[in-house]
Amino acid sequence: MLKADVLKKGVRHQAGGEVVRGSAMAIKVLGHALRKSLGPRGTWKMLVGEGEVLVTSSGSTMLRNMALEHPAAKLLAEAAIRQEAEVGDGTKTTVILAERLVEEGVKLIEMGLHPSQVVEGYVAAALRSFQEIDGVAKPLAVDEGSLASLLTDTLMTRVTNASIAACLAKLAVAATLRLREWAAGPRAFDAEWDLEVVAIRGGAVDEAQLIDGVVFKEYDMPLNSPKLMRGVKVALFNCELDLSKLMERSTKVVIDSPRSYIKFTNYLRGLRNEIADLIASTGARLVVFERYVDPVVKHLLLRRGVITVEKVGWPKLYRLAKATGAHAVPHVYELREEDLGVASVVEEVKVGDERLLVVRGAGPVGPSTIVVRGAGDGACEEYKRLMSSAIRVASKAIEAPALVPGGGALEVEVAMRVRRWAKGVGGKKQLAIERFTYALESIPEALADTLGLDPVKALSDLRAEHHKGLADVGVNAEDGSIGPCRVWELACVKKAAIKHAVEAARIVLKCDAILHYEREEGEDGARRGEREG
């Protein structure tokens with residue numbers, strides 16, 4: 001323990017074995033919360049808070065909305081969310097693996113192994129498992145049918161209806177392949193930047209559609225504008241246009257009489273007209289701002305026949321620039337005619353009860369937008385998250401087209417091979433490698449549990465089949481049988497889950513102290529002032 005006079009008042013200090021055991025317990029609670037939701041027969045969770053109710057089976061959604069308190073649980077949640085962001089799937093697998101790795105690691109530490117020895121064994125086992133995964137994997141044909149089948153299997157773990165999964169998978173594949181064609185290469189696009197998913201309330205899931213172009217839900221359009229325009233010049237601004245901030249900057253404005261007030265308002269009126277004239281004089285008929293736009297300037301632009309869109313964010317501005325050839329400028333006074341791009345079509349369309357503005361680029365293929373539908377706001381957001389995950393999985397499948405058997409088959413096969421390899425590893429590292437294989441086998445155990453099977457018997461049967469050389473035998477979710485797997489998953493998803501789980505376990509096992517402190521009021525400002533000084 002640190003002496004009391006070393007630490008500030010109010011700082012709590014924990015050290016020793018209680019830290020690791022407390023972290024292991026927190027992670028165990030988190031793992032058990034997600035374990036029952038693993039696989040297509042997994043349970044759903046109802047998250048209630050601040051008057052909102054969210055029902056989901058998505059691991060990343062659960063982790064983002066859980067009110068986690070323990071730092072180890074927060075750390076594991078962040079690792080699992082990174083897994084979702086990287087490959088679009090495998091968050092619950094990451095949590096379950098990490099939970100078992102920490103549990104087995106604590107047992108080894110209590111047996112006398114040093115945390116560094118445990119971590120060293122885990123890292124060696126993870127690297128070996130990557131090699132074994134490559135040995136088990138088979139190539140994936142990058143075509144619409146194969147990708148749709150893969151995504152349908154992936155989405156079936158998060159939806160209750162196979163037709164919904166198939167509908168969303170088909171759209172995700174079509175959008176991703178189109179995006180690949182537009183970006184000219186499997187590594188030349190980023191689904192987060194080059195493709196958008198928009199949710200529209202109302203309608204059924206199967207009414208989701210793929211729209212060619214960039215879509216805006218909020219925009220200001222002149223009343224006399226046609227619903228369809230061609231060859232529209234586009235101006236992009238990666239800035240805001242807020243004239244009220246003139247008063248907040250270094251300029252000092254003194255208003256000491258009605259005359260000076262009138263003079264100042266006339267100046268602002270003239271400045272707004274000058275900005276609107278400048279933009280309209282370039283020939284731009286669609287103006288898009290990344291951030292806020294002064295409402296009076298928007299009104300003046302509308303009077304000059306210019307469509308105005310604001311607060312779109314940088315990703316959408318990037319897509320527009322890539323599609324139309326426009327250059328985003330940092331200030332309205334820097335706009336030149338050569339900075340403008342051209343949209344082949346600007347069209348106002350109606351989807352459900354909402355009107356959307358669709359902007360298409362000049363080329364034959366451009367950015368696309370998926371519009372998902374749902375009965376309510378909660379359903380819309382859930383389908384939007386599902387579609388975003390499916391797009392990430394599809395893009396990863398194009399980037400690394402390798403499949404491995406699902407249903408726990410891969411974990412049992414890799415565990416068997418790594419266990420066999422561990423016999424040739426000397427020292428205490430061998431113990432950690434063996435415990436790593438137990439963690440891998442926790443996945444088929446959890447799957448069997450969600451299907452109502454005896455996890456111990458299911459694992460024993462799987463081991464027996466794999467020792468016969470049947471590497472693709474797993475737990476089938478349809479009927480709970482042990483046999484050749486009917487579901488295949490991406491190898492890169494499994495590798496990423498192991499990587500993030502080992503990283504989270506490494507941090508937890510090697511952390512022997514926790515300092516709890518509360519930042520004093522004004523401390524952030526003081527530190528900021530020191531840095532600026």
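Here are the numbers for this structure:
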item: Residues located in the stretch 50-96, provided they are on the phi > 0 side of the Ramachandran plot and either touching a residue at least 12 places away in the same chain (Cβ under 8 Å) or not small (G, A, S) (or both); result: E50, G88, G90
item: Criterion (assigned by TED's automatic domain parsing to the domain that holds G135, surrounded by fewer than 22 Cβ atoms within 10 Å (Cβ to Cβ) and among the β-branched types (V, I, T)) met by exactly one of V425, V475; result: V425
item: Subset of the stretch 79-133 [part of a loop (DSSP other than H, G, I, E, B), of a type outside the set (G, A, S) and surrounded by fewer than 24 Cβ atoms within 10 Å (Cβ to Cβ)]; result: L113, H114
item: Exclusive hit being touching a residue at least 40 places away in the same chain (Cβ under 8 Å), of a type outside the set (S, T, N, Q) and touching a Phe, Trp or Tyr at 6+ places or on another chain (Cβ under 6 Å), set L340, L403, L386, L356; result: L403
item: Filtered residues of the stretch 395-422 (kept if among the aliphatic types (A, V, I, L, M) and touching a His at 6+ places or on another chain (Cβ under 7 Å)); result: V412, M416
item: Filtered residues of the stretch 270-312 (kept if part of a loop (DSSP other than H, G, I, E, B) and under 31 Å from the mean Cα position of the chain (by Cα)); result: E290, R291, Y292, E310, K311, V312
item: Residue satisfying all of: in the stretch 149-165; aliphatic (A, V, I, L, M) and surrounded by 18 or more Cβ atoms within 10 Å (Cβ to Cβ); farthest from A379 (Cα to Cα) among these; result: L150
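Residue-by-condition table, conditions (1) in contact with a His (Cβ under 8 Å, 6 or more places away or on another chain); (2) in a loop (DSSP other than H, G, I, E, B); (3) modelled with pLDDT of 65 or more; (4) crowded, with 20+ Cβ neighbours inside 10 Å:
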| residue | (1), (2), (3), (4) |
| --- | --- |
| E489 | no, no, yes, yes |
| V493 | no, no, yes, yes |
| E521 | no, yes, no, no |
| R528 | no, no, no, no |
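Here is a yes/no grid of residues against (1) surrounded by fewer than 22 Cβ atoms within 10 Å (Cβ to Cβ); (2) touching a helix residue (DSSP H, G or I) at 6+ places or on another chain (Cβ under 9 Å); (3) farther than 17 Å from S60 by Cβ:
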{"residue": "G352", "(1), (2), (3)": "yes, yes, yes"}
{"residue": "R355", "(1), (2), (3)": "yes, no, yes"}
{"residue": "A362", "(1), (2), (3)": "yes, yes, yes"}
{"residue": "P367", "(1), (2), (3)": "no, yes, yes"}
{"residue": "R373", "(1), (2), (3)": "yes, yes, yes"}
{"residue": "R385", "(1), (2), (3)": "yes, yes, no"}
{"residue": "S389", "(1), (2), (3)": "no, yes, no"}
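Yes/no matrix, rows are residues, columns are (1) part of a helix (DSSP H, G or I); (2) under 30 Å from P115 (Cβ atoms); (3) touching a Ser or Thr at 6+ places or on another chain (Cβ under 9 Å):
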position: V19; (1), (2), (3): yes, yes, no
position: M25; (1), (2), (3): yes, yes, no
position: G39; (1), (2), (3): no, no, yes
position: T43; (1), (2), (3): no, no, yes
position: V48; (1), (2), (3): no, no, no
position: E69; (1), (2), (3): no, yes, no
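The values are calculated or read from the model by the stated rules, or taken from the named source; none is laboratory data. Since the structure is predicted, the reported quantities are computational estimates derived from the model, not experimental observations. Because the Cβ atoms are built from the backbone with ideal geometry, glycine has one as well, and the counts that use them run over all protein chains shown.
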